[in-house]
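**Student:** Structure incoming, see below.
Nothing in this text is a laboratory measurement; each read-out follows from the coordinates by a stated rule. All figures in this text were calculated on a predicted structure; none of them were measured in a lab. Note: ideal-geometry Cβ built from the backbone for every residue, glycine included; neighbour counts use all protein chains shown.
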Amino acid sequence: MAIQYHHDVLPNGLTVLAETDPAAATAAVGFFVRTGTRDERPEEMGVSHFLEHMVFKGSETRGPVEVSAELDDLGLEHNAFTSHEMTVYYASGLPESILQGTEVLADILRPALRDADFEEERGVILEEIAMYADQPFWVLMEEAGERYFRNHPLGFRVLGTTETISKLPVETMKQYFGNRYASDSVAIAAAGNIDFAALREKVGETCASWSPSGAVREHPPLDLGAGDFTLRRPGLSAAYGVMQMPAVDRLDPRRYEASLVAQILGDHEGSRLFWSLVETGLAEQADASFDPHDGVGEMSVHWVCEPEANDEVESIIRREFARFAESLDEEDLLRSRAKVATAVTLAGESPSGRMHRLGANWTVGREYSTLEDELARIEAVTLDGLREYLEAFPLEARMTGRLLPEG
């Protein structure tokens, strides 16, 4: 039997989605909350990620030990993550365990938010912030994000800052939770060998008390930063760099062209930057990425090299930008289409990968497309389409940042 798509909305506004496949050996489920760092106020920066930690401290009926033990006893792989766009809690494993896993996740998504747990986890988050502050690439990227997006919340730090986390009251988190973890802000996505009717019934039972809040995502005007900046840090043995420029957003049909541009420009091997910088020994790393967000996209290039080589590396990157469009040929197109299609297919082969794709697409765009639809769209990209994309979004660094050794 072919994979089937199911979609239902419960009376309280909770959305349940699934791609069922009776032939699959596993199943996966995820709770996708349409809230992230971009939905925070400046003074509460980091609350989304902090709340993710607090969810695993347990509910009124399960403590943290019970949560971990029960999911482990079910044999489920489970985790969570927070981004600028969403917060996701998920589990995958054998089909006979997934409904009980769904019940556990639903339960902890109404966390107790105990004061003692809050203070304990505050310390954990502050340690995490300190740990990342010792990683040069992370330091540069957070600074670049703040400068590039300026006052837009896409420039906020996912972990927050030492100041915002230290001052965050538990009452602020409770208010944020009540507003953002409401039934009309959550989608439950599942994939694999799962009975959709049974899933819907389980969700209906365990989430019956959830209520809507009417919360919406704001899209403040973008005023992107521009220019160059240089950070200095003692003890560095390498130079780190980033160039940022506008791209299409997550729902723009040209996102497939943007993905192929990033692939041709800066894949980890066989790309323009690989041959001109990594293969020649000028850089240890040089890659490009396309990051589509809700309402705005970003193309960026990152590199790591010897400090004395940094100026030459930047010059070569700009040279590759200048000649990129006119140098594109059929071989570039065929190779990049094959690589992107392979990556999409590999992610979509597993129920876990399908669940994440299904949930993320629905959370950001309220859209559904099959894996086959996406592969067909990738295959439809042409050289003319790539050049038209580059006319609209040329490879011209709007902001360049670098982190260099002190002195």
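**Student:** If the elastic network links every pair of Cα atoms under 10 Å, which of Ala187, Ala25, Ala144 fluctuates the most in the Gaussian network model of the chain?
**Tutor:** Maximum among the listed residues: Ala25.
**Student:** Taking every pair of Cα atoms in the stretch 227-405, average 1/r, invert it to obtain the Kirkwood radius, and report Rg/Rh to two decimals.
**Tutor:** 1.00
**Student:** Right, here's the next one. Which residue, Thr162, Thr280, Thr82, tops the fluctuation ranking in a GNM of the chain built on C-alpha contacts under 10 Å?
**Tutor:** Taking springs between Cα atoms under 10 Å, the residue moving most is Thr280.
**Student:** Find how much the distance from Arg217 to Thr161 grows on full extension, using 0.36 nm per residue of separation minus their present alpha carbon separation; answer in nm with one decimal. All intermediate terms of the calculation are to be shown ahead of the outcome.
**Tutor:** Numbers: separation 56, 0.36 × 56 = 20.16 nm, distance 2.24 nm.
Roughly 17.9 nm would be gained on extension.
**Student:** Separate question: Please identify the GluC sites (Glu not before Pro) of the stretch 306-385 that satisfy two criteria: DSSP loop assignment and at most 11 other Cβ atoms within 10 Å. Which are they?
**Tutor:** Here the GluC sites (Glu not before Pro) that fit, given the DSSP loop and packing criteria, are Glu367.
**Student:** Express the relative contact order of the chain as a whole percentage, based on alpha carbon pairs under 8 Å and six or more residues apart in sequence.
**Tutor:** Numbers: 768 pairs, mean separation 89.0, N = 407.
Relative contact order here is 22 percent.
**Student:** Let's see if you can work this out: charge +1 on each Lys and Arg Cβ, -1 on each Asp and Glu Cβ, no other charges. What is the dipole magnitude of the stretch 1-69 about its Cα centre, in debye to the nearest 20? Don't jump to the answer; show the numbers that get you there.
**Tutor:** Working: 5 positive and 10 negative charges, 8 e Å.
With Lys and Arg at +1 and Asp and Glu at -1, about 40 debye.
**Student:** Hey, another quick one. Over the stretch 227-405, calculate the relative contact order: mean separation of alpha carbon pairs under 8 Å at least 6 apart, over the residue count, as a percent.
**Tutor:** Numbers: 277 pairs, mean separation 68.9, N = 179.
Here the relative contact order equals 38 percent.
**Student:** Once label points are set 7 Å from the Cα along Cα→Cβ at both Arg398 and Thr61, what is their separation, rounded to one decimal in nm?
**Tutor:** Each label point lies 7 Å from its Cα, and together they span 4.8 nm.
**Student:** What residues qualify as long-range amide H neighbours of Glu284, i.e. H under 5 Å apart, gap of 5 or more or another chain, H built at 1.01 Å from N?
**Tutor:** For Glu284, whose amide H was placed from the backbone, the distant partners under 5 Å are Val304, Cys305, Glu306.
**Student:** Further, regarding this structure: Restricting attention to the stretch 138-214, which chymotrypsin sites (Phe, Trp or Tyr not before Pro) occupy a DSSP loop and are surrounded by at most 12 other Cβ atoms within 10 Å?
**Tutor:** Working: sites: Trp138, Tyr148, Phe149, Phe156, Tyr176, Phe177, Tyr181, Phe196, Trp210; in loops: Phe156, Tyr181, Trp210.
Within the stretch 138-214, no chymotrypsin sites (Phe, Trp or Tyr not before Pro) qualify (loop, at most 12 other Cβ atoms within 10 Å).
**Student:** Around Trp362, with a cut-off of 15 angstrom between Cβ atoms, what is the net charge of the other residues, counting Lys and Arg +1 and Asp and Glu -1? Please list the in-between numbers first.
**Tutor:** Details: positive: Arg34, Arg217, Arg250, Arg354, Arg357, Arg366; negative: Asp8, Glu19, Glu85, Asp184, Asp294, Glu367, Asp373, Glu374.
Taking every other residue near Trp362 into account, the sum is -2.
**Student:** Provide Rg and Dmax in Å for the stretch 181-235, with only Cα atoms included in the calculation.
**Tutor:** In order Rg, Dmax, the Cα atoms of the stretch 181-235 give 21.9, 59 Å.
**Student:** Cut-off 17 Å, label point 7 angstrom out along Cα-to-Cβ of Ala208: give me the residues of the stretch 4-29 whose amide nitrogen falls inside.
**Tutor:** 10-14
**Student:** I'm a student and want to see the number: the projected area of the Cα convex hull of the stretch 39-147, averaged over all directions, in nm².
**Tutor:** 8.2 nm²
**Student:** Let me ask you something else. Can you give the calculated 222 nm mean residue ellipticity of the chain, where each DSSP H run of n ≥ 4 adds -39,500 (n - 2.57) and the sum is split over every residue, rounded to the nearest 500 deg cm²/dmol? Each step should come with its number before you reach the end.
**Tutor:** Numbers: 14 runs with 177 residues, N = 407.
Dividing the helical sum by the residues of the chain leaves -13500 deg cm²/dmol.
**Student:** Taking H as built 1.01 Å from N, whose amide H comes closer than 5 Å to the amide H of Arg233, not counting residues under 5 places away?
**Tutor:** Leu404, Glu406
**Student:** Which aspartates and glutamates does Lys57 reach when only Cα atoms under 14 Å apart count, and residues fewer than 8 places away in its own chain are ignored?
**Tutor:** Straight-distance partners of Lys57: Glu66, Glu70, Asp107, Asp115, Asp117, Glu119, Glu120, Glu121.
**Student:** Please give the FRET efficiency for Val170 paired with Glu391, using the beta carbon to beta carbon distance and R0 = 60 Å, rounded to the nearest 0.05. Intermediate results must be reported in sequence, preceding the final value.
**Tutor:** Numbers: r = 51 Å, r/R0 = 0.85.
Rounded to the nearest 0.05, the efficiency is 0.70.
**Student:** A further question on this structure: Given 37 °C and 0.692 mPa s, compute D for the chain with the Stokes-Einstein relation, Rh being the Kirkwood radius over Cα pairs; round to the nearest whole µm²/s.
**Tutor:** Working: Rh = 22.8 Å.
Diffusion coefficient, whole number: 144 µm²/s.
**Student:** Now, a different point. With +1 assigned to the C-beta of every Lys and Arg and -1 to the C-beta of every Asp and Glu, and no other charges, what is the dipole magnitude of the chain about the Cα centre in debye, to the nearest 20?
**Tutor:** Numbers: 36 positive and 71 negative charges, 150 e Å.
It works out to roughly 720 debye.
**Student:** Still on this structure, please answer the following. Using only Cα atoms, find the angle between the long axis of helix 383-392 and the longest principal axis of the chain, and express it within 0 to 90 degrees, rounded to the nearest 10.
**Tutor:** The two axes meet at around 90 degrees.
**Student:** Rounded to whole Å, give me the distance from the Cα center of the stretch 9-60 to that of the stretch 217-269.
**Tutor:** 27 Å
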